[in-house]
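Below is one structure, written out as structure tokens; the observations come after it.
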Amino acid sequence: MMKRARRWWAPVAAIGAIIGLVLPGIVLHIGAELVEPMRGFKRSIPEYPPFNAISLASKSGSQLQGWFARREGRAGGVVLLHGVRSDRHSMLGRARFLYDANFSVLLLDLQAHGESEGERITFGYLESADARSGVEFLRQELPGEPVAAIGSSLGGAACVLGRTPIQVDALVLEAVYPDLHQAVKNRLQLHLGPAGAWLAPLLTLQIRPRMGIDVNDLRPVDKIANIQAPVFIVAGALDRRTTVADSQRLFDAAPEPKQLWIIPGARHEDLHRYAGTEYEDRILQFLQLHMSRTS
């Protein structure tokens, strides 16, 4: 009987030993991949809107590359901030309908993305300085005009995180995580099932050694109450990376005035591309309502 037990436990123990040796290496590799810069190839300037290429020194310490299209009139300007592992080109569709609605538009590659400088992705921590620098650029270029920001995922977190609130007159946040631990947990569970919840701390524990900050510095849910502008939170009903519950947490913590729109059928994706003209109508209604009050 004892020999049978030994035969049964031997492969189990071997498998456990292998997992114990291999798993930490896998988790460390994933952690390194997550913060690696997302370098993009050089983008040619689109024909429309009539952009000018700009280079902007950000308080993140990086030189940012972007496109700026000025619109005559005093409707104001909107800075558009892309999601993680993407670049400014992903926000071009938004820029076009906003420009058609008489807004000036600024598209930026966040630090460590696209053509901008940066050593590592920081999930909104350093990128928050990029968001503020973009807003300051529009304030200088459009004196006396209202300024808004639209941030998708990482870009939205960048608008909320930071020591001081972003100085905008209206803010749109799309698929923004409430805290990084939950974001990591969601993504691991999506790929690994329930075991992902147990592995999440192994990734979040790498935040300080890799970035020199604490995981508690990456909690938009704690920072959003400081925003001094109307907030419009947009989310996909089928998003498993930033769930409806996550977006509801962020919305509940946001100050008034605020709006929440859960898009039926949408996942963690380009919400403008998915919802089309309804997205454009809702965003324009929100921006025109709140930006017209300050112009």
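Observations on the structure shown:
- If you plug the beta carbon distance of ASP281 and GLN248 into 1/(1 + (r/R0)^6) with R0 = 22 Å, you get a FRET efficiency near 0.45.
- The simple spin-label model puts a point 7 Å past each Cα toward its Cβ; for GLU47 and LYS59 those points are separated by 4.0 nm.
- Bridge type composition, the chain - antiparallel percent by DSSP, nearest 5: 25
- Peptides 53-62, 103-112 ordered by average Cβ neighbours within 10 Å, highest first: 103-112, 53-62
- Local electrostatic count at GLY40 - Lys and Arg +1, Asp and Glu -1, tallied over other residues with Cβ under 12 Å: +2
- Cα-based values for the range 240-290, radius of gyration first and Dmax second, are 12.0, 31 Å.
- Area projected by the alpha carbon convex hull of the range 165-295, averaged over all directions, nm²: 8.8
- Two-decimal ratio, the chain, of alpha-carbon radius of gyration to 2.2 N^0.38 Å: 1.12
- Summing charges over all other residues whose Cβ lies under 11 Å from the Cβ of ILE150, with Lys and Arg as +1 and Asp and Glu as -1, gives 0.
- Mean-position separation - Cα centroids, the range 140-200 and the range 235-268, in angstrom: 11
- Placed amide H near ILE263: partners under 5 Å, 5+ positions off or other chain: ALA235, GLY236, ALA237
- At least 18 Å along the helix axis (C-alpha) and Kyte average at least -1.0, DSSP helices within the chain: 2-35, 127-141, 277-291
Coordinate-derived values only; no laboratory data. As the structure is a prediction and not an experimental result, all values here were calculated from the model. Using ideal geometry, Cβ is built from the backbone for each residue, glycine included, and neighbour counts are taken over all protein chains shown.
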